[in-house]
Every structure is written in C-alpha cells, then in structure tokens.
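The values are calculated or read from the model by the stated rules, or taken from the named source; none is laboratory data. It should be emphasised that the depicted structure is a prediction, and the values quoted were computed from it without experimental measurement. In this analysis, Cβ positions are derived from the backbone assuming ideal geometry, glycine residues included, and neighbour counts consider all displayed protein chains. Surface areas here come from the heavy atoms of the whole protein model, side chains and all, with no ligands, DNA or RNA. Shrake-Rupley method; radii C 1.70, N 1.55, O 1.52, S 1.80 Å.
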Amino acid sequence: MTDLRSAVAEHSAVLGLRVLMDHGWIVTLGEDEGHQLSLLTRDATAEVNPDVSVFVDDVQVALARAGAAGLDIVHPLTEEPWGVTRFFYRDSDGRVINVGMHSPASASPEPETSTS
C-alpha cells in the first residue's frame, strides 16, 4: 500500500469503521462488534508483507498445524512489542498468511497511537 492515509479514509467511509490502532506503518480499523481491517505499508519486523491476517484463539496450535501440514514458516513465532504474538506461513498459492493472537499481557482495548 503506497498511501496509507488515503486508504484509511476510503475504507473508514465505506465500511463505517474507526481507527483502533495507528502505528504509522499499520492502521487497524474496527467497530464495537469486533469486525476489523488492518492496512499496512511495510511490516515492521518481518521480511515479507502478509497478504492476509487472521487472529486465532491459540497461535501455538496454529503454528503446530502449519508445521504438520508442511507449510513454509516465513516469519517465526514472535511476541511483538505492540501486544501481538504471531507467525507467518506461505500457502500453496504463494500467499503469505499472518496468524496471530493478542499476547496475554496485551494493552487495553483503548485506541493506540504512535508517531513513529
């Protein structure tokens, strides 16, 4: 994504979502029912950008299943500083899937903002 601010404005207007988190390189939009959309320019810690992100109840179980399926883990299980534990795998079509969950000690549901 080349113009994150324009994308945020467009998707917010169309989907009726508000900014829940803004780290400058990734913005998560959402609403009270739990629907979310994250938009990013370049991943902060991974060497590849994910094509799709999904949150699961247990990221460790998902990682074990990905390994058992013989899928390529392209970003290792990592507890990120913004309160998410995640890994990426490459699917059979070559798409990179970001699988994550909120870390046990993650921040409150209040919107997060960063200027960096």
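Out of ALA13, ALA64, one residue alone is surrounded by fewer than 13 Cβ atoms within 10 Å (Cβ to Cβ) and either at pLDDT 95 or above or assigned to a strand (DSSP E or B) (or both). It is ALA64.
Figure legend. Inter-residue proximity from the stretch 72-92: first residues outside any strand (DSSP E or B), second residues open to solvent by 10 Å² or more (accessible area, probe 1.4 Å) and polar (S, T, N, Q), beta-carbon distance below 9 Å, spacing 6+ or different chains. Indicated pairs: GLU80/THR45; PRO81/THR45; TRP82/SER106; TRP82/SER114; GLY83/SER106. Residues in the stretch 88-114 that are open to solvent by less than 80 Å² (accessible area, probe 1.4 Å) and of a type in the set (A, V, I, L, M) were compared, and the one that is modelled with the lowest pLDDT is ALA107.
PRO50 fails exactly one of the following numbered conditions: (1) assigned to a loop (DSSP other than H, G, I, E, B); (2) surrounded by fewer than 15 Cβ atoms within 10 Å (Cβ to Cβ). What is the number of that condition? Unmet for PRO50, out of (1) assigned to a loop (DSSP other than H, G, I, E, B); (2) surrounded by fewer than 15 Cβ atoms within 10 Å (Cβ to Cβ): (2).
Checked against the criterion of being loosely packed, with under 13 Cβ neighbours inside 10 Å, modelled with pLDDT under 90 and closer than 24 Å to THR2 by Cβ, the stretch 33-44 has at least one qualifying residue. Residues that are of a type in the set (Asp, Glu) and open to solvent by less than 80 Å² (accessible area, probe 1.4 Å) were ranked within the stretch 16-32; the one that is farthest from the chain's Cα centre (by Cα) is GLU31.
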